[in-house]
Structure formats: C-alpha cells, structure tokens
Amino acid sequence: MKLTINGTEHEVNVTDDIPLLWVLRDELGITGPKYGCGIALCGACTVHIDGAPVRSCTLPAAAVWGEVTTIEGLGTPSALHAVQRAWIEHQVAQCGYCQSGQIMSAAALLANNPDPSDADIDTAMSGNLCRCGAYPRIRAAVKAAATSLRET
Amino acid sequence: MGRLKTITRRTLLVGSAAIAGGVVFGYWRYKTPYENPLLESLGDGEAALTPYVRIDQAGITIIAPRAEMGQGVHTTLAALVAEELDVALEDVRVEHGPASKAYFNQVALEEGVPFAATNEGNFAEGVRNSTHVAAKLVGMQITGGSSSTPDAFVKMRKAGAAARAVLLAAAAEKLGVATDTLVTRGGVVIAADGTRIPYTELAVLAAAIEPPEDPELKDPADWKLLGRSLPRVDMVGKCTGTAQYSIDVRLPGMLFATVRMNPQLGGELLSFDAAAANAMPGVQKIVPLAGGVAVIASNTWYAMQAVKAIRCEWGEAPYPASSAAQFAVVEEAFANSHDSRYLDTGDVDGALADGADVEGEYQVPYLAHATMEPLNAVAWLHDGRLELCAGTQAPTQAVKDSAAIADLDTQQVTLHTTLMGGGFGRRAESDFIKTAVHAAIAMPGVPIKLTWSREEDTTHDTYRPLARARFRAKIANGAPLAFDLSVAAPSAIESQLARIGLSIPGPDISIVQAAWDQPYAIPNYRVTGYRAPVMTPISSWRSVGASQNGFFHESAIDEIAHAAGADPLQMRLALLTHKPSRAVLEAVATMSGWGDELPDGHGRGVAFVLSFGVPVAEVIEVAATANGIRILKAWAAVDVGIALDPRNIEAQVQSAINFGLSAAIMGEITLREGVVEQTNFHDYDAIRMAQAPAIDVKILENGTKIRGIGEPGLPPAAPALANAIFAATGQRIRELPLNKHIRFFR
Ligand code: FES
Ligand code: FES
C-alpha cells in the first residue's frame, strides 16, 4: 500500500489490518508517534490526517484517507512549529513520552479554534494522558501558542 | 539517528583495543575506589578527565549517571559539572554513560536509617555516614529515593572542578605560562595575551595530568547556572519527536518481539500450543520462557497479535487469589508481633486507658506504576557479547541480571541507558530487560526489541503494596494528648530484595515511612509497623511507604483536629517543632488564604508530610457540585534546602501532586482468581486535563541540607484532598481510591 507521510510517499508491504502507528514506527522508522495503550485511550500516538487529529494506534493503515503528518512533519528542532516553540518556552515536557501526542492534539485544536477557552482546551486535550501530570504547563503552552499564532 | 551511530561506533570500540592513540587516565582518585569506566571505550583523541567528563574533537560530554525519567535530573546534574567546568549547558552533550559501580549512589541508603530526617545529632549523622560506606561497597548505581541531587551535589561539582584544573594545567604547559595567569570561559582557556585554546584541543594533554584530589569549589555567590531555572537539555528533543527512548531504538536487521506471561504472577507455564500463532503474518519465532512465552516477528504489532493466539495452560499463582483474601492477610498481621516501633513517646497506653476520643480504620489498595512508555528493551547477542538498550533506574543490576541469563561475564555486557518515558520506581526492576535477553538468546546475532503491551505492563507490575492502618487518639485542650497509629502492609523492600537474591536483615522501615518520623510534638505518640507476608510482587512506587502513610497519618491528624474543635492548619502549626516545617505550613496558609470565607459547597483540606527530608505542606480546595467533586486549586510549599533549578522543582511538585491525586481519586489494582483485573487506561486511568487543578508552588530554602524533590510532593496530595472533601461535605473517607465512596467531576 502507498502512504504519504510528512510530504513523502512510502510504499509498504503489510497486512490490511495493521494500524498506522506500527507502520510508522516499525516499518518506516518514524518514531515520534508513540505507543501508549494501543486502544485509543491515551493519545500518545496522535498524528494528523489532512489536518485532523487521529489516534494512529487504532486506525488501520489501509484505511488512511489522506496525507499523514507526524510530529516530525509538524516542525523540527531547527524549524519549530508555534506549538512546539510554546512548549519549549514553557518547559512543558517531563518524561516527554506523551508530548508528541499532546502537541499534535494542541496543533489541531488551534488550527480550528484560534482562541480556545479553558473548556475548549479541556475537551480537545482530555484524550491525551500525561502520567507525569504536566497539565498546568500544557494548558499554559496551548494558550501561549494560540496567542502567538493569532499574532502572525 | 546520530545517537545510534554513536552507540554503534562505541560498540565497535569496546573490546577491540581501538584505544591505541586514545587517551587513558590512570585513575580518577577523587573518593572513589572504582576505575573510571569511560576509559574502556575511548577513541582517537578522546579523553575522559573524570567519570563525568569526556572530551573529544566533537566537543564535551557530561555523564549524568542517574535515570532521566522525566524529573529533569540530566539538566540538574549536568549543570553541577558545567558550573565548575565553566562551560555553557547548551554547548555540552549529556548522556547516561555506561553502567558502572563508579556511579554508585552514596546517599541512597540514608532513608533507611532509624532516625527522623529532622534529627541531625552527631549519632544520627554518624549512622548516616556509615551508610555511605555500605553504598560504596555495594556499588549500586540506582536512581530512587529522591537522592540524585543530594548524592551528586558535591561530587559532580568536584568532578567539573577537577577537569577544569587539569585543562588549565595543560594550557599552562602548552603556553609555557603559569596557571594563575589563565582564565576559563565558555569551554575555552584564555591567556593574559588573549590567546584562546578550546578545551577540545587540550583534552589529550590534560589527560596525562593527575587531577587534584579535592579541588576547591566556587562560592555559591558566583554561581552562573546553579540556583537558576535552566532550559532542560532534553526539552527540544521531547517536543519534536526526536528524543530517543529505548522503544525508539533501531538497529540494522532488528526484529520485534513481545511477551505474554502467566497472568497469575509468578505461576508457571504448564503447556502451550503455538500452531496458530506460528502461521500468522510476520512471525519469526516462538520462544517459551519460564512462566510465559515470547513471539519474535517482523514488527511489534504482528508479534502482539500472534502472542494472543497462543493457547497457554497456566499454573496457579503462589498467593491468595482475591483482593479480599489478601486484605484479610494484611489485617491478620496486626495480631503478630510488630515489625517496628521507631516512635513510642510518653505513655500511650496509659493516656488511652479509658478509651479513645476518636479512632478509625484506613485502607489503600495495590497500585500500578503505569509509566507512559510501556516496558521494553533492546537486546542483541553477538560476537560473544550482549548489548542492551534500555531505560533502567538500576543499570548495574540490569547488567548483572542479564549477564547471568546469557551466561556471560558482566564485562561482556554493554548497556546503553536511554531516556525513559516515566519510571516512578518501576524501572528499578530488571524483569522487562530479562524478557528481551531471553528473546535475544533465542536468535543470536539479531537485535531484538521486545515491547510489553500496555495490558501486559498493567497486569505484570511490581505493585505499590496494599496496606491497612488503625488509629486511636485522646484529646485535651483542643490538641492531641495521645495518638497511636498502627500500619500493616507487606514489605516492598523484602519483595524487591528477594528478586535479586537478598533478604532484609531487620524491620522494613518503609512500612512506617513518613508516619513515625513527623516533627509533631504530641506528648503520647506511637507508630507501630506490622509486616504482612509478601503476596503479589511489590516494589517501590513514587514516594514508597510515604505514599500510603501520608494519607493515613494526615487524615488521622485531621480527624483529631475536627474532634478537638481546632482549625486543622492552626493545630498542626501549634504541634510542629521543626522550623522549616512550620515555615512551609505558614507559607501555604498565606498562599491559599487559609481561613478566608469560601462559597457554599466549597471546602479546603490541608496536609503536611515530611518525606525524604523535605517538609511539604499542601492545601487543596474542592467544590461539591451536581456533577461530583471538582478540584479547584492546589497550593504547595516545599523546602529543599538549596533550590538548584526552581522551575524544574515547581514541575516536579506539580507532577507529584497530580500523580498522588490520580491514585487518590481512582487508582486501584484488584485481584480476582489470582489475576490482576485492570488492564489498560480505561480501568486504570489517571487525571486528565479537565480534572487537573491549577497548582501554585512555593520553594523555601530553610533546610540545612540539599534535598531531592521527585517524590516529596506526592504524600500530602491524597490526605489534603480527602480532608477537603470532608470540609466540603462532612463525609470522612478512610479508603482509597476515593471514587469508591464519592463521585468526581470528569
Ligand atoms: S497508543 Fe494510541 S491512544 Fe494510546
Ligand atoms: S511528560 Fe511524561 S507522560 Fe507526559
């Protein structure tokens, strides 16, 4: 099957039922999206498909309907996305394992809602578990990223 | 992938005598009996000036030999070296370094001494110092007990200062000038005439110079890095998906594996039928293990599917099969002779002879660690060596255990410690690394990454012990006249030590940790520990015994205050004898506006716990709403003695509070027919964004010693919440998780 990931087309030879997450991680070596639960409970595997946040652990790769963007495609250390910049500014990450997913959820939220309320943030981000409990800084960074995106 | 290349290159260097032309120091003599482990793997033009500093042409690497599992320890430890070495943090690489006894944790055993942290008398200090000798002899490289910062505070600054001293001496030799005419700045030696020589050019020369035994340290007034909030060295990687955890390691030709162990923990694998699994896509090999089975496949998902398709016949668990039966065993322990009674002041029995004014029974369940990154490790058996990539809190033990399985000498095992997606005590165990080693042995020459599924991780933890407590108290003049607290639990230390072939010599002080050693002046005051037998495997869980005893002790104190008609915060303040402890309580009162009028249905709870030497006071405010209890806000004041990185300390306290609240509200592992019932985040969840309160943190520095802060913020969270619920609703909940008794807003 063919998949377009971060702007590059990939051909992979896998079964139809394998979730996108494992194609990304094991078949293609794109390890930014993380395995946390495998059943859409934690958000660690969040990627964008045509800009919408998707839990890649439960989406069969064969059912992918558009272009996939992972955290690696959102921004890089030398060309950060505004959300990543806000995350670094607020020193959000602790163990960091959930943060790829948190950032992808936040970026998708802000693309649709440039000025989210606390309740909007709660709704958009509550599918992303953080066992380190970095929530106060995640909230602050989402708001800071919103401000910086509105200003640009 | 740069890091992987480095790993591979070092791998080639190890044992291939490629150090020809490289630089080897004879010994790092600063107070360590162990050889500098960096000397084994030096390449051309590389120098290891101390076990903590390696320099090659590409730059400077600081070894931070404690597990970076989220607590920011790599940044803080690297800053200790960088401060004295005079380099900018952004100009150095930071690595875990090799597994080595040279990185033994000197203060890890201090928490086990039978003296309260507030006791700084000569005798107590003498006993603490004697544990340093034991720690050195054992040579255990371990991250835990909030000990990384106190352990490193002097020795890693000395390491930086020693390295700088030899670099200066090398420059003096090269330029033919006196050392005292030279200065350093930002990784460069600068001579009086303006000549600049980078450290990287001096390393080889410097390596031939004997470092000073006891170099002088900077006056803290001159610190440029320490005492400031620094950008974490791992932050950019973690925010761009480029940070590498062991689950992300990729080696050429790697295969992927998973395991399924007997869900009755410790039970045998009686027989299995893998015919169906063998025929499934991608499956390369089925590997029977003691008590389980592993599947190696061409990707992790294929392995996870196949392992589910194996039909297994399991032996029974060697413990009582249900939670109720296990709690009954714990309850029975109260009838045994006690395990410890470190606190017995006044005449408790006398004061309670005519009955108690207030009494209660408390209970907490088993808890899973549930690190965000499921347990996993990479193992590769090749050329008579075993290479491991793993996130471990106990590298030397992991190497020892792996070597034993592979029938190798520990010298033939190389461990690359990676970043960890959470540890919380779980990664001090070697079980997950051992499963990877078994798989690697079944396929020599092939690197195997073995990942436990979330379900396997949740159901095969070494849990926080279940525990029960009872208290009785007598009140006089609005304060406790007598307080008698008894705690019964199986011993986590006994369970942990048994897994590495050791037994516990005396009482397990962790059963009463943070209960017996609190600085309250109560005239008749007794804390007794009872030890139940180990049943389901247990271990240290963030804050260890303090995680349950904070709840027991501080809920009881709150009950006493209400029974005495006293304000719970003012009563504690009147009882606290230790100045830094009083100060955190006063601070949290001010921050929260304790005593202010609250809206209807709101309530505030306070708790104070001193654990790991850190006094912490927390206030939590809740609202009883139509949709359940809502946590509105938390305030915390902590005293770490010396605050090296305030912003990181704040993050750790917020993290510990959220971790503690998650357990308090909903954390529960139960057993049925010998099997853990919870499997994933739907039935073992934690608080999410919508439930997480804003948390204000104040850091004080009145304490006499520098302390670590990964754990101490946790123990007061549960009692502060339970006490707030009582204040808001009048309902006193004596069992965790609280959601068994009251509904929470979600
Ligand atoms: S791994 Fe996909 S939601 Fe948890
Ligand atoms: S930062 Fe560790 S799980 Fe979120």
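The values are calculated or read from the model by the stated rules, or taken from the named source; none is laboratory data. All values reported here derive from a predicted model rather than from experimental measurement. Glycine also receives a Cβ, built like all others from the backbone with ideal geometry; neighbour counts cover every protein chain displayed. For accessibility, only protein heavy atoms count, side chains too; no ligands or nucleic acids. Shrake-Rupley method; radii C 1.70, N 1.55, O 1.52, S 1.80 Å.
Out of curiosity, is B:A692 open to solvent by 10 Å² or more (accessible area, probe 1.4 Å), over 30 Å from B:A563 (Cα atoms) and at pLDDT 95 or above?
yes
Consider the range B:334-354. How many of its residues are under 17 Å from B:Q513 (Cβ atoms) and in a helix (DSSP H, G or I)?
Residues flagged as under 17 Å from B:Q513 (Cβ atoms) and in a helix (DSSP H, G or I) within the range B:334-354 amount to 0.
Criterion first (of a type outside the set (A, V, I, L, M, F, W, C), within 18 Å of A:C37 (Cβ to Cβ) and either within 16 Å of ligand 1 (Cβ to nearest atom) or not assigned by TED's automatic domain parsing to the domain that holds A:Y35 (or both)) does A:Q91 satisfy it?
no
Can you name the condition, by its number, that B:Q244 falls short on among (1) closer than 21 Å to B:A58 by Cβ; (2) assigned by TED's automatic domain parsing to the domain that holds B:A58?
The single condition B:Q244 does not satisfy is (2).
Select from the range A:94-106 the residues that are more than 7 Å from chain B (Cβ to nearest Cβ) and touching a Ser or Thr at 6+ places or on another chain (Cβ under 9 Å) and list them in ascending order.
A:G101, A:Q102, A:M104, A:S105
In the range A:51-93, which residues are out of contact with any strand residue (DSSP E or B) (no Cβ under 9 Å at 6 or more places or on another chain), away from chain B (no Cβ under 11 Å) and either part of a loop (DSSP other than H, G, I, E, B) or under 23 Å from A:N13 (Cβ atoms) (or both)?
Once the filter is applied, which keeps residues that are out of contact with any strand residue (DSSP E or B) (no Cβ under 9 Å at 6 or more places or on another chain), away from chain B (no Cβ under 11 Å) and either part of a loop (DSSP other than H, G, I, E, B) or under 23 Å from A:N13 (Cβ atoms) (or both), the range A:51-93 yields A:A62, A:A63.
How many of the residues in the range B:382-414 are part of a helix (DSSP H, G or I), of a type in the set (S, T, N, Q) and either in contact with a Gly (Cβ under 7 Å, 6 or more places away or on another chain) or touching a residue at least 60 places away in the same chain (Cβ under 8 Å) (or both)? Let's see the steps before the verdict.
Step one: of the range B:382-414, the residues part of a helix (DSSP H, G or I) are B:395-406, B:410-412.
From what is left, the residues that are of a type in the set (S, T, N, Q) are B:396-397, B:402, B:410-412.
Pick out the ones that are also either in contact with a Gly (Cβ under 7 Å, 6 or more places away or on another chain) or touching a residue at least 60 places away in the same chain (Cβ under 8 Å) (or both) and you get B:396-397, B:412.
Number of matching residues: 3.
Only residues that are crowded, with 19+ Cβ neighbours inside 10 Å and away from chain A (no Cβ under 14 Å): list them for the range B:270-285, please.
Hits for the range B:270-285 are B:A274, B:A277.
Has the range B:657-672 got any residue that is over 26 Å from B:V544 (Cβ atoms) and modelled with pLDDT of 95 or more?
Yes: the range B:657-672 contains one or more residues that are over 26 Å from B:V544 (Cβ atoms) and modelled with pLDDT of 95 or more.
If I ask for residues that are away from ligand 1 (no atom under 16 Å from the Cβ), open to solvent by less than 30 Å² (accessible area, probe 1.4 Å) and either acidic (D, E) or out of contact with any helix residue (DSSP H, G or I) (no Cβ under 8 Å at 6 or more places or on another chain) (or both), which ones from the range A:109-152 would you list?
A:D122
For every residue, the table says whether it meets (1) away from every other protein chain (no Cβ under 14 Å); (2) more than 16 Å from ligand 2 (Cβ to nearest atom); (3) of a type outside the set (G, A, S).
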| residue | (1), (2), (3) |
| --- | --- |
| B:S337 | yes, yes, no |
| B:R341 | yes, yes, yes |
| B:D349 | yes, yes, yes |
| B:L352 | yes, yes, yes |
| B:G355 | yes, yes, no |
| B:N376 | no, no, yes |
| B:L381 | yes, yes, yes |
| B:D401 | yes, yes, yes |
| B:R426 | no, no, yes |
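Check whether at least one residue in the range B:56-78 is away from ligand 2 (no atom under 16 Å from the Cβ), at pLDDT 90 or above, open to solvent by 10 Å² or more (accessible area, probe 1.4 Å) and out of contact with any Gly (no Cβ under 8 Å at 6 or more places or on another chain), and report yes or no.
Yes - at least one qualifying residue is present in the range B:56-78.
When the residues of the range B:290-312 are narrowed to those that are of a type outside the set (G, A, S) and within 18 Å of A:A61 (Cα to Cα), which ends up most open to solvent (accessible area, probe 1.4 Å)?
Filtering first and then ranking leaves B:Q305.
Given the options A:H48, A:H10, name the one that is in contact with a strand residue (DSSP E or B) (Cβ under 6 Å, 6 or more places away or on another chain), open to solvent by 30 Å² or more (accessible area, probe 1.4 Å) and assigned to a strand (DSSP E or B).
Criteria check complete, one pass: A:H10.
Go through (1) closer than 23 Å to B:H682 by Cβ; (2) in contact with a strand residue (DSSP E or B) (Cβ under 9 Å, 6 or more places away or on another chain); (3) within 10 Å of chain B (Cβ to nearest Cβ) one by one and return the number of the condition A:G36 breaks.
Status for A:G36: all satisfied but (2).
Check whether at least one residue in the range B:60-72 is touching a Phe, Trp or Tyr at 6+ places or on another chain (Cβ under 7 Å), within 15 Å of B:Y199 (Cβ to Cβ) and away from ligand 1 (no atom under 16 Å from the Cβ), and report yes or no.
Going residue by residue through the range B:60-72, those that are touching a Phe, Trp or Tyr at 6+ places or on another chain (Cβ under 7 Å) are B:60, B:62-63, B:65.
Those left that are additionally within 15 Å of B:Y199 (Cβ to Cβ): B:60, B:62.
Checking which are away from ligand 1 (no atom under 16 Å from the Cβ) leaves us with B:60, B:62.
The answer is yes; a qualifying residue exists.
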